[in-house]
Each structure stands twice: as structure tokens, then as C-alpha cells.
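The values are calculated or read from the model by the stated rules, or taken from the named source; none is laboratory data. Just so you know, these numbers come straight off a predicted model, no measurement behind them. A quick note on method: Cβ atoms are made from the backbone with ideal geometry, for glycine too, and the neighbour counts reach across all protein chains shown.
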Amino acid sequence: MTELLKHCRLCPRACGADRTRTRGLCGADATLEAARASLHFWEEPPISGKNGSGTVFFSHCSLGCVFCQNRQISRREAAGRPLSVESLARTFLSLEQQGAHNINLVTGAHYAPHIIAALRLARAQGLHIPAVYNSSGYESPDTLALLDGWIDIYLPDYKYYSSYYAERYSHAPDYRETAVAAITEMVRQTGAPVYDEHGLLLRGTVIRHLMLPGLAGDTAQVLRDIAARFGDRVLVSLMRQYTPFAMQDWPELDRTITPEEYHEACALFRDLGLGGFFQQSEAVSESFIPAFDGTGLEDIPT
């Protein structure tokens, strides 16, 4: 694990930082940090199910979207607490004991070696529920190859088609080609969606697209690209929940999605024959964002 962190190329930024000595562009060093572990009931229906998805929120992020809802934990100086691999494995087992349908790993690319080690340990101790890799879509196929066999369900974003918007809002003009390559690898690993007898997802890839204000044309291109490339091998989640927090520097994003914008995108979704979910809830308030206070993390060292 240490060798992968000494010249880190785990994410597409490929900054080459020696994370045993300093922090990478993502903000992470060699110490695993997380901010919360809990049952989450607001994922797509076959992931949250009745009991909830066992969600672990990791600190830091390699993408850095200006509109990030979880900015408290995604920035370089992020909230979070140190956690050993053994503690992370115990956290997984605790979530399973609470009735979680799966283990939901939120933004963990920069901790991929730690996650693999924790999954190996937890499965040796009896963990049997699926692992979900919840991602911005900005992933390295080489890192995803390391996860092959450990992840059952991929939950990536496909945020932008336009390199202009990807650069403006996420400082990643290569976002589309990077995300397409990553999702292609995810679909190769999982194949088409597989459900259990209760309709819960056991295996597969669910692509999320969060609509942004004024980007209806970009949304249309994303949906068309998904349909052309992946067809019925994936599920698609079209999301309306964009919430503007402190967007003074990007006034064009300082509003919610209108019903008309969303309904037009839903119509195209249907016309393209995509399968999946309409996340129709309007933007949420800050009170709906979880408290990133270490809740649910097992045996955090002092």
C-alpha cells in the first residue's frame, strides 16, 4: 500500500506527491481520514432499500467542484478523523450489523489501497453485503483495475459533456474523456445490473447526472452519450437536487433547477430508452447535509 502513495497517481490528477511525506493535490496524505459512517436512506431505491445504505464519507477529493454540497469534507483542509484500516473494517461490519444493504464508499479513490485492505479484512471476518463505490466519475482506470473483484456496484457521476464547463466548475477540462474511460471500466467489471429477490441491486453500474442551472444542453449531450455508449448495460439517475450554497463567484449557478428544465430532460431520458431513476426532489437545504462529526466510525485513535 505504501508504495502506491510514494509517487501517487491514484487519481487522474496524477500529481506524483509522496503522500508519506506531504499531501497530494486532493488534500490527502498517507493517513486514512473519514468523517461519518451511517445508514443512508436517500440513494437510489435499489441501493437504499428499506434499511438504508451503509455509507462511509471519506475526507478530501481529487475533483473539487465549486458547487460541492459536501465541501466541508472535500476540500484540502477538510473535516475528518484519522482511521486505521482495522477500524475501517470494523466500521463496515458495524454497518452490516445495523442492517445496511451494502457498504457505500463515498469519494474514496485517494484511499483505494486502504479500502481494499479494509474490505479484505472485513470479508475475512464475515462481511457479505455488496460494496458500492460512490464516485465523481473522475477516476483512473488503473486504480479501478485495483478495485476489480472488491467492488460490486459502481455509482459514478457523469457531470459534464463540455470541457468548458468542466474546467470552469471543476478545474478538469479532461473530465468527459476521463469519466467515459472510467465508466467503461466500471461496466466491464460489473456487467449489466443484477438484483436480488427483493429488488435490491447486487451488481451493476448506476450513472448519476446532477443537472446544473442553465446547462440543459450539456445534460442532453450527457444523456445521449450514455445511451449511445452503454445502453441497457447501465442504470441512469437523473438528479434535480442541485443546491446553491455560497455561489457569489458563480452567479449563473446561484439558483435551483426549474421544473421546465427537469421535465424536458426527463422527456429526453424516456425518448432515449434509458432505464433508471428520476430523482425529482427539489434542492435541499443545508439542514439535510449530514453532520461530518465522526459519527459511526469505529475505534478512532486519539
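Where in the range 118-235 are the helices (runs of 4 or more DSSP H), entirely inside, with at least 3 residues that are crowded, with 23+ Cβ neighbours inside 10 Å, polar (S, T, N, Q) and out of contact with any Asp or Glu (no Cβ under 6 Å at 6 or more places or on another chain)? Steps first, answer last, please.
Values: elements: 141-147, 163-170, 175-190, 216-230.
Because the criterion is at least 3 residues that are crowded, with 23+ Cβ neighbours inside 10 Å, polar (S, T, N, Q) and out of contact with any Asp or Glu (no Cβ under 6 Å at 6 or more places or on another chain), no helices (runs of 4 or more DSSP H) in the range 118-235 meet it.
List the number of the failed condition for Glu33; all other conditions in (1) of a type in the set (Asp, Glu); (2) in contact with a helix residue (DSSP H, G or I) (Cβ under 9 Å, 6 or more places away or on another chain); (3) buried (at least 20 other Cβ atoms within 10 Å of the Cβ); (4) farther than 20 Å from Thr143 by Cα hold.
That leaves (4) as the condition not met.
Could you check the range 236-252 and list, in sequence order, the residues that are surrounded by 18 or more Cβ atoms within 10 Å (Cβ to Cβ) and either among the hydroxyl-bearing types (Ser, Thr, Tyr) or in contact with a Gly (Cβ under 8 Å, 6 or more places away or on another chain) (or both)?
Going through the range 236-252, the residues surrounded by 18 or more Cβ atoms within 10 Å (Cβ to Cβ) turn out to be 236-240, 242.
Across the range 236-252, the qualifying residues are Val236, Ser237, Leu238, Tyr242.
Could you tell me whether Ala112 is surrounded by 21 or more Cβ atoms within 10 Å (Cβ to Cβ), in a helix (DSSP H, G or I) and not polar (S, T, N, Q)? Spell out the reasoning first.
On the way: surrounded by 21 or more Cβ atoms within 10 Å (Cβ to Cβ): yes; in a helix (DSSP H, G or I): yes; not polar (S, T, N, Q): yes.
For Ala112, the condition - surrounded by 21 or more Cβ atoms within 10 Å (Cβ to Cβ), in a helix (DSSP H, G or I) and not polar (S, T, N, Q) - is met.
Yes or no: the range 183-201 includes at least one residue that is touching a residue at least 40 places away in the same chain (Cβ under 8 Å), farther than 19 Å from Leu105 by Cα and within 17 Å of the chain's Cα centre (by Cα). Write out each step before concluding.
Of the range 183-201, the ones touching a residue at least 40 places away in the same chain (Cβ under 8 Å) are 183-187, 189, 191-193, 195, 198-201.
Add one more test, that the residue is farther than 19 Å from Leu105 by Cα, and what stays is 184, 191-192, 195, 198-199.
Checking which are within 17 Å of the chain's Cα centre (by Cα) leaves us with 184.
Yes.
Which of (1) in contact (Cβ under 8 Å) with a residue 40 or more places away in the chain; (2) in contact with a helix residue (DSSP H, G or I) (Cβ under 7 Å, 6 or more places away or on another chain); (3) over 23 Å from His7 (Cβ atoms) is the odd one out, the single condition Val106 does not satisfy?
(2)
Since Gly108 meets every condition but one in (1) at pLDDT 95 or above; (2) farther than 27 Å from Met211 by Cα, which condition does it not meet?
Only one criterion in (1) at pLDDT 95 or above; (2) farther than 27 Å from Met211 by Cα is unmet by Gly108, namely (2).
Got at least one residue in the range 75-94 being at pLDDT 95 or above, in contact with a helix residue (DSSP H, G or I) (Cβ under 6 Å, 6 or more places away or on another chain) and assigned to a loop (DSSP other than H, G, I, E, B)?
Within the range 75-94, not a single residue is at pLDDT 95 or above, in contact with a helix residue (DSSP H, G or I) (Cβ under 6 Å, 6 or more places away or on another chain) and assigned to a loop (DSSP other than H, G, I, E, B).
For the range 6-28, indicate whether the set of residues that are aliphatic (A, V, I, L, M) and surrounded by fewer than 20 Cβ atoms within 10 Å (Cβ to Cβ) is non-empty. Can you show your working first?
Taking the range 6-28 first, the residues aliphatic (A, V, I, L, M) are 10, 14, 17, 25, 28.
From the residues that got through so far, the ones that are surrounded by fewer than 20 Cβ atoms within 10 Å (Cβ to Cβ) too are 14, 25.
Yes, that holds for at least one residue.
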